[in-house]
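Notes follow the structure.
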Amino acid sequence: MSKTLSNSVPTDREVVLGILNNSEDTLNRLYVGYFPMILQFILKNNGDEDDAKDVYQEAIIVLYNKIKSGEFELSSKLKTYIYSVCRRIWLKKLSKESKKAVNVADFEDIEAVETDMELHEEKDRQFEKMQSALVHLGEPCKTIIQDFYINNLSMQEISEKFGYTNTDNAKTQKYKCLQRLKKLFFQT
């Protein structure tokens, strides 16, 4: 069982603590964990596996140095951070290697990447905010919301699961739960 754990992607906290404590295992797990995502990105954007390894190595060094210097502040998921750094590094390499005249479309693409990352990071923040609101929602609301929106149960199935006399009562309860969830979401 410990083999499975040591091969799994470390949590964001494990990465930060691992780097601070010079954990070789954490770095190895970090290399293995997110590299496929970067490889796929580089291959789709005029690169090869060696390019992906170089870009990924640079991004991990950036992360490592920021954490070691105390300058690192995680405002999104670590996966998003690494992806963002790799994208920036790769776009810089592509623009340096490009011998052709710079064209406006290139700038639009780079701007689109930056905007994409900002949107992605904002969605991460919103998702974390929603998770927090769900945790504070309490039962049976938390389960009703998860059953309907995540587990795709029908109102009939939810009605039977919670012992409501009919689906209209279950719908009313779901509505009340959503109102409480919205209230909690906008408080955090």
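The values are calculated or read from the model by the stated rules, or taken from the named source; none is laboratory data. Keep in mind it's a predicted model, so treat the numbers as computed, not measured. When we count neighbours, we look across all protein chains shown, and the Cβ atoms used for this are built from the backbone with ideal geometry, even at glycine.
So if I check each of GLU122, GLU118, GLU114, GLU139, which one is modelled with pLDDT under 80 and either more than 24 Å from SER76 (Cα to Cα) or exposed (fewer than 12 other Cβ atoms within 10 Å of the Cβ) (or both)?
After applying the criteria, what remains is GLU122.
May I ask you to list pairs of residues, at least six apart or on different chains, whose Cβ atoms are under 8 Å apart, with the first in region 23-44 being without any contact (Cβ under 8 Å) to a residue 12 or more places away in the chain and the second being assigned to a helix (DSSP H, G or I)?
Within 8 Å, the pairs are SER23/LEU17; LEU43/GLU49; LEU43/ALA52.
Could you please find all residues in region 140-154 being closer than 14 Å to LEU184 by Cα and either assigned to a loop (DSSP other than H, G, I, E, B) or of a type in the set (Lys, Arg) (or both)?
LYS142
For region 144-188, give me the residue count where each residue is under 17 Å from SER132 (Cβ atoms), of a type in the set (Ser, Thr, Tyr) and without any contact (Cβ under 8 Å) to a residue 24 or more places away in the chain.
1
Is it the case, given these coordinates, that GLY163 is among the small types (Gly, Ala, Ser), loosely packed, with under 15 Cβ neighbours inside 10 Å and at pLDDT 90 or above?
yes
Name the single residue that is modelled with the highest pLDDT among those in region 63-111 being of a type in the set (Asp, Glu) and part of a helix (DSSP H, G or I).
Looking at the filtered set, the residue picked out is GLU97.
Among the listed residues ASN46, ASN7, identify the single one that is at positive phi and either at pLDDT 85 or above or of a type in the set (S, T, N, Q) (or both).
ASN46
Are any residues in region 7-59 closer than 14 Å to LEU78 by Cα and among the acidic types (Asp, Glu), and if so, which ones?
Matches in region 7-59: ASP12, GLU14.
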